[in-house]
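To start, the structure itself, in structure tokens.
A short reminder: the numbers here are calculations on the coordinates, not readings from a lab. These numbers were taken from a predicted model, which means no experiment stands behind them. Cβ placement follows ideal geometry from the backbone for every residue including glycine, while neighbour counts extend to all protein chains displayed.
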Amino acid sequence: MGTGGRYSDQIAGAWRCAASVRVCGWLVAAFAGFIGLLSAQASAQQHPQRRVASSGWIATVVPTPHAVHSRHGPLPKSVTRLAALNSAPFPYNGMMPTGERPFLEAAEDGRRFHRTPYGRVYWEDERYNDPRVLLHIPKGFDIRRPGLIVLYFHGHRANLRQDVFMRQRVPWQVSMSRTNAVLVAPQFAVNASDSSAGKLWQRGGLRQFINEAAGRLAAMHGDPRSEASFADLPVVIVAYSGGVSPAAWAIRNGDLGRRLRGVVLLDAAYGEMNVFADWVARDRTTFLVSTYTSSTEGRNKELKTVLTERGLTVQDAVPARLEPGSIAIVPAASDANHHDFLLRAWTNDPLRDLLARVRGYPRS
């Protein structure tokens, strides 16, 4: 993220651009987390499994138990990092999912590029060479309690620092949700109109990525013993816009198995709708929320029709509580637009609002 004067400039900019004193304070604290905040203290406990009946079916529900391997209590301060992971989506030197051609081609001078399905040419060293992942643990997160990993897949023309961190305020929204959750947000193609999933196309790629991220989260948490606990946390995938394709591959490859508890599509229904419909119909212990502007209205209506034909109940408003079996396809407010969807959808800060509704994972 840079050091010295760059941090001073970035923090000053954060104060200028923040919408409120509360947001400004969080931004400054989070930037401090980039250069070092750890945590400590307390005892261990383990949470029993609970069950609930709904609409005639029995589901293993929240809180999903996980093994506890740490004696540290709630974090006294939030911790945020941009970390390079070997298993990050890029760089990627493999084949396209069809197996018909390599992802990268070489120009006459040896410089490599990728040609998108729409004919755009993007150079590897500019767009597909960033292995960094945005990791965030909120203040008060307690690894001993039921928790979640929020796996955020950004859309087109985005990078982690300017868009996910600063503009969309994704770590801040995770913190403000008061959910006992941590954030893992990988960089895909940098500032490009491309939904390529890179290593996450490969079977086992997402599992390897989550396991490596667990090790980094444990280091940020301050107790190496917590790595096994992070590696066992259930996952909610949040895909914005072009992030829908990596989300579909996460389901298609089945890397997370029953750990995948929910999927949220934020104006992201640009394709792969059958993948999501099949998944939520097959596993009634999961939840699916898709919200939209006019840009994805048609695909969302198609998704609702498919789900209804399968006998599933689809709500047209965000449920008060997101729990196993919840399915909602929700239009955004009339003044919402695609570019600012993470700031204003059916409400302000929609990710914060959604995570706060996930049942069974409160942060103490």
Which value in nm describes the separation of the simple spin-label points at Arg258 and Glu297, placed 7 Å from the Cα toward the beta carbon? 4.1 nm
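Count the net charge of all other residues whose Cβ sits under 12 Å from the Cβ of Arg310, scoring Lys and Arg as +1 and Asp and Glu as -1.
Working: positive: Arg282, Arg284, Lys304; negative: Asp278, Glu309.
The answer is +1.
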In terms of the alpha carbon gyration tensor, root eigenvalues a ≥ b ≥ c, rounded if a/c is under 1.5 and otherwise prolate when a/b exceeds b/c or oblate, region 170-324 is prolate
Find how many whole Å separate the alpha carbon centroid of region 157-202 from the alpha carbon centroid of region 315-364. 17 Å
List the lysines whose Cα lies under 21 Å from the Cα of Lys77, skipping any in the same chain that are fewer than 8 positions away. Lys139
For region 93-237, rounded, prolate or oblate, judged on the Cα gyration tensor with a ≥ b ≥ c (square roots of eigenvalues), a/c < 1.5 rounded, else prolate if a/b > b/c? prolate
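Counting Lys and Arg as +1 and Asp and Glu as -1, what is the net charge of the other residues whose Cβ lies under 11 Å from the Cβ of Ala248?
On the way: positive: Arg252; negative: Glu272, Asp278.
Residues close to Ala248 contribute a combined charge of -1.
If you put +1 on each Lys and Arg Cβ and -1 on each Asp and Glu Cβ, how big is the dipole of region 228-351 around its Cα centre, in Debye rounded to 20? Display every interim value, and only then the final one.
Numbers: 12 positive and 14 negative charges, 73 e Å.
Approximately 360 debye in magnitude.
Using the 10 angstrom Cβ neighbour count as an exposure proxy, how do Arg258, Arg169 rank, fewest first?
Values: Arg258 11, Arg169 23.
Ordered from fewest to most neighbouring Cβ atoms within 10 Å, Arg258, Arg169 come out as Arg258, Arg169.
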Within the set of other residues whose C-beta is less than 14 Å from the C-beta of Ala84, count the net charge using Lys and Arg as +1 and Asp and Glu as -1. +3
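I need the peptides 298-305, 239-246, 194-201 ranked by packing, meaning the mean over residues of other C-beta atoms within 10 angstrom, with the highest value on top. Show your work: numbers first, answer last.
Values: 298-305: 16.9, 239-246: 25.2, 194-201: 23.5.
Answer by packing, highest mean first, reads 239-246, 194-201, 298-305.
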